[in-house]
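The values are calculated or read from the model by the stated rules, or taken from the named source; none is laboratory data. Values in this document were obtained by computation on a predicted structure and should not be read as measured data. Reconstructed Cβ throughout: ideal geometry from the backbone, glycine too, with neighbour counts over all protein chains shown. With ligands, DNA and RNA removed, areas are computed over all heavy atoms of the protein, side chains included. Shrake-Rupley method; radii C 1.70, N 1.55, O 1.52, S 1.80 Å.
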Amino acid sequence: MSISGIQGQPLEITVVGCSKLKDTEWISRQDPYVCLEYASTKFRTRTHTDGGKNPTFQEKFVFSLIEGLREITVAVWNSNTITYDDFIGNGKVQLQKVLSQGFDDSSWPLQTKTGRHAGEVRLIMHYANANKPATSYAPSAPPYVAPPIPQSSLYAAPPPSVGSYLPPTTYPAPPPPYSPYPPNPAAYVPAPYYPPAQAAYPAAYGAPSAYPPPPYPPPPYDPSHYHTGPFPGIYRPPPY
């Protein structure tokens, strides 16, 4: 996997400790420390007095990456106060995993000058810019560009009147509500009166009329038709 664009980017390395180191002391316990070298940059941990074969450090260092350089040299020494420090072992730390994934927590083997196993050193490395997308690739789709908003000129014609914006009425107006007042007689024009048409010839004598005949006068009064004397059986006869 090709990784580019790392020039000058920071790489954090924490030296956790060592395990199963080669013991260079015969009587007392050895005092190890770790050295890191990347190009011309060098860092050294503190000395773990009486650390023996399994010293711990927990120290963090920050390197500035260089394009094309993918490994760091690590070396472990035993500190001496009277003579020169004793070399315990060294090894190569590969940066391919941390640059591609952003994190690496591994133990790296150490070898003596003769190539024999001299123990392990544990490092925690962190590269914050590993998950950033590359900028050299074109996007899969063109970016969305909003259409320009039309702007009116400062010298445009004045807006039309409000009445021009009203749509024409296409439906008949609803009937007016019922009014409690009587209608205005002047608003209604009476229909012209036409008299019934006269017959061209007078009606024939004895022809049936559309009207009933007039009533006849009552007969003359005849007192013989009425009873004016006493009615027998109704009134008691007067005493004589």
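Database remark: amide H of GLY17 closer than 5 angstrom to the amide H of PHE57, GLN58, ARG122 (H placed geometrically; neighbours at sequence offset of 5 or more, or on other chains; Pro and chain starts carry no H).
Given a Förster distance of 30 Å, report the FRET efficiency between GLU71 and HIS117 from their Cβ-Cβ distance, rounded to the nearest 0.05. Numbers along the way, then the final one.
Numbers: r = 20 Å, r/R0 = 0.65.
It comes to 0.95.
Hey, with R₀ at 51 Å, roughly what FRET efficiency would CYS35 and ASN131 work out to, going by the Cβ-Cβ distance, to 0.05? E(calc), rounded to 0.05, equals 0.95. Counting only lysines at least 8 places from LYS113 when in the same chain, those with an alpha carbon closer than 30 Å to its own are LYS20, LYS22, LYS42, LYS53, LYS60, LYS92, LYS97.
Ordered from largest to smallest accessible area (heavy atoms of protein chains, 1.4 Å probe), the residues HIS117, HIS48, HIS126 come out as HIS117, HIS126, HIS48. Give me D for segment 37-99 in µm² s⁻¹, whole number, from Stokes-Einstein with Rh from the Kirkwood sum over alpha-carbon pairs, 4 °C and 1.567 mPa s. Using the Kirkwood radius from Cα pairs, D works out to 94 µm²/s.
Between beta-carbons, use under 14 Å as the cut-off and find the net charge around GLU25, counting Lys and Arg +1, Asp and Glu -1. Show your work: numbers first, answer last.
Numbers: positive: LYS22, ARG29, LYS53; negative: ASP23, ASP31, ASP50, ASP85, ASP86.
Every neighbour counted, the sum reads -2.
Between ASP50 and SER4, the FRET efficiency estimated from the beta carbon spacing at R0 = 51 angstrom works out to 0.65.
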